[in-house]
Amino acid sequence: MCVGLPVAAWIEDGEAEHSLFRDRTNPPHGCCRIGGVSSFRRILSRSASGTLAGLLAAFTALSVAELVAGAVRPAAGPVTVVGGAVVDRTPAAVKDFAIRTFGQSDKFVLQLGILAVVALLGVGLGVLSLSHRRTGAAGVLLFGILGSAAALSRPDSANIGDALPSIAGALTGALALYILAAKAVRVPADADGAGAGMWSRRGFLAAAGVTAVAAASAGAVGRFLTARQGQGAVASRESLILPAPASAAPALPGGVQLKVAGISAFTTPNADFYRVDTALTVPQVDAATWRLRIHGTGVTRPRTYSLDQLLARPLIERDITLTCVSNEVGGPYIGTARWLGVPLTDLLREAGVRRPSQGGQADQLVARSVDGMTLGSPVEDVMDGRDAMLAVGMNGQPLPVDHGFPVRMLVPGLYGYVSACKWITEIELTTFDAYDPYWVKRKWARKAPIKTQARIDTPKPFARPAAGTVTLAGVAWAQHRGITRVEVRVDDGPWQDADLAPQATADTWRQWSFPWTATPGGHTVTVRATDGTGQVQTERRTRTIPDGASGWHSVFVTVT
């Protein structure tokens, strides 16, 4: 044992060890060697400083990149462009899983995942930089190059300037890591040689504090600039006054909304309407500068329209139910709104477009969004007399920004991924043989008519209703064909007709209800629908890929 000297003097943090023990290779005779504890603590301190340096470097890189993106183009920020590149390269099955698992929070989860990866990489580079400063800084620069490449690969990339945010962020982050690593490694020895190879906590923490404040300030300014760039879009939407439709929607029939607790509202409020798209950052489009171009195969008179020019045309107002192809059997990605817009067929005819069945050269209409998304619709379906439109209003208001302001396209009867282009800026007429849009390249079907479906809204799965009369209720849809019958089955019993609410139009869903005399015990309730063509909904269960889910919806309840 060591005798006569306080142990604490030996195991201090390494900056002020007892002078008698400066010679660590030859401690005093009869004294045990416990300097290893101090060395271990020093290693932990160095690792912690490397971790902090790496995290601050990553934070600095992202903040400066956000600042530059706010000045150049917010959509060119590294998290947005890398996230978009990830979405573009993710297999369809994985995207489908993400939507199923995280719902409309899938983009938020992706962004959190990107930030977590950046943080982990920052920690790794920070620890590495303690012994290899240049290598650590070079690692930060490498990720800046990858971010720049992702920015330039995006379909909405404006020019080489989109690479600037990632480059500026990487240069600043690399410099921050190089400086912090230098502060974390060593301080000069004193006249007696003491302190050689040891680091100054005070100096490192001071540098870390300055870095954190500077990075936070850059991020705050970047967010301010981004918000300011979006003010034009917000102001143009707030000042927009929608004209009255030349063809108003028919009044909804009485009783279209059943008085059953738990059933979906016939008209979905804008705030509750589902949103499924690939845009990590919602495009902010100024209505004053927005333009729509129509061109391509079979277009004899190309056209370009401003929003004011569209609003000056005769508008139609229609109740239409939209459905996402990612909607599982019984899923939530469906909603009905009253839409106001310009008839799309009129615009196409004025451009000289004809249906393929009437000798037209183009059989595919490709709609392009401001963010580069492409959707392909069959020209024959768009121009067959259905109320396909370029919508400017939703439930009596200008389109919400999340749903495509200032203009979106929609075609009743087709899943959204082939018909419902938001933030639309271009319509190109072409052929299916000549071009594959975004989702078709990812193995989804070229043509996607909405499948006949019915859903049980109440009771919910695993509900515990009391014995007696239980009202089963829900919605059924087969857009552009309509619903003529809904049947309900309890366990393995016979199919029984449900009561149908009045049908608004063939392009909207239809509510149904059924009074069930429930007996105690567990029961499985199943529903199916028949569309306006007489086609009964198939029992065959399929996933959403490649052209929409099919199968009967069932819920299990326990009657008490």
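What to note about this one:
- Exactly one residue out of Val82, Val127 is part of a helix (DSSP H, G or I), modelled with pLDDT under 90 and crowded, with 17+ Cβ neighbours inside 10 Å: that is Val82.
- Some residue of region 334-347 being part of a loop (DSSP other than H, G, I, E, B), within 23 Å of Ile241 (Cβ to Cβ), hydrophobic (A, V, I, L, M, F, W, C) and at pLDDT 95 or above: no
- Within the span defined as region 492-515, every residue fails to be in contact with a Leu (Cβ under 9 Å, 6 or more places away or on another chain), closer than 18 Å to Glu328 by Cα and either at pLDDT 95 or above or surrounded by fewer than 16 Cβ atoms within 10 Å (Cβ to Cβ) (or both).
- Residue match in region 154-161 (condition: surrounded by fewer than 19 Cβ atoms within 10 Å (Cβ to Cβ), in the same structural domain as Val221 (by TED's automatic domain parsing) and touching a Lys or Arg at 6+ places or on another chain (Cβ under 8 Å)): yes
- Residue check for Val140: within 29 Å of the chain's Cα centre (by Cα), crowded, with 23+ Cβ neighbours inside 10 Å and either β-branched (Val, Ile, Thr) or within 11 Å of Ala58 (Cα to Cα) (or both): yes
- Search result, residues across region 391-427 that are assigned to a helix (DSSP H, G or I) and either in contact with a Phe, Trp or Tyr (Cβ under 7 Å, 6 or more places away or on another chain) or not aliphatic (A, V, I, L, M) (or both): Asp402, His403, Gly416, Tyr417
- Members of region 356-374 that are in contact with a helix residue (DSSP H, G or I) (Cβ under 6 Å, 6 or more places away or on another chain) and either in the same structural domain as His480 (by TED's automatic domain parsing) or within 14 Å of Val411 (Cα to Cα) (or both): Leu365
- Failed item in (1) touching a strand residue (DSSP E or B) at 6+ places or on another chain (Cβ under 7 Å); (2) at pLDDT 95 or above; (3) surrounded by fewer than 23 Cβ atoms within 10 Å (Cβ to Cβ), with Ile456 passing the rest: (3)
- Residue in region 531-551 that is out of contact with any helix residue (DSSP H, G or I) (no Cβ under 6 Å at 6 or more places or on another chain), among the β-branched types (Val, Ile, Thr) and crowded, with 16+ Cβ neighbours inside 10 Å present: no
- Residue under evaluation Ile456, criteria (1) within 30 Å of Pro155 (Cα to Cα); (2) in contact with a His (Cβ under 7 Å, 6 or more places away or on another chain), criterion not met: (1)
- In region 489-510, the residues that are farther than 23 Å from His523 by Cα and of a type in the set (Gly, Ala, Ser) form Cβ pairs under 6 Å with partners that are part of a strand (DSSP E or B) and at pLDDT 95 or above, at six or more places apart or across chains, as follows: Ala501/Gln511; Ala504/Asp319.
- Count - residues of region 204-234 that are more than 20 Å from Gly77 (Cα to Cα) and of a type in the set (S, T, N, Q): 1
- The single residue among Thr533, Thr538 that is outside the structural domain of Tyr417 (by TED's automatic domain parsing), within 33 Å of the chain's Cα centre (by Cα) and outside any strand (DSSP E or B) turns out to be Thr538.
Per-residue answers, yes or no, for (1) buried (at least 16 other Cβ atoms within 10 Å of the Cβ); (2) among the hydroxyl-bearing types (Ser, Thr, Tyr); (3) not in a helix (DSSP H, G or I):
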site	(1), (2), (3)
Phe204	yes, no, no
Gly209	no, no, no
Val213	no, no, no
Ser217	no, yes, no
Ala220	no, no, no
Thr226	yes, yes, no
Gly232	no, no, no
Pro250	no, no, yes
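The values are calculated or read from the model by the stated rules, or taken from the named source; none is laboratory data. Source: prediction; values computed, not measured. Cβ coordinates were reconstructed from backbone atoms using ideal geometry, including for glycine residues, and neighbour counts include every protein chain displayed.
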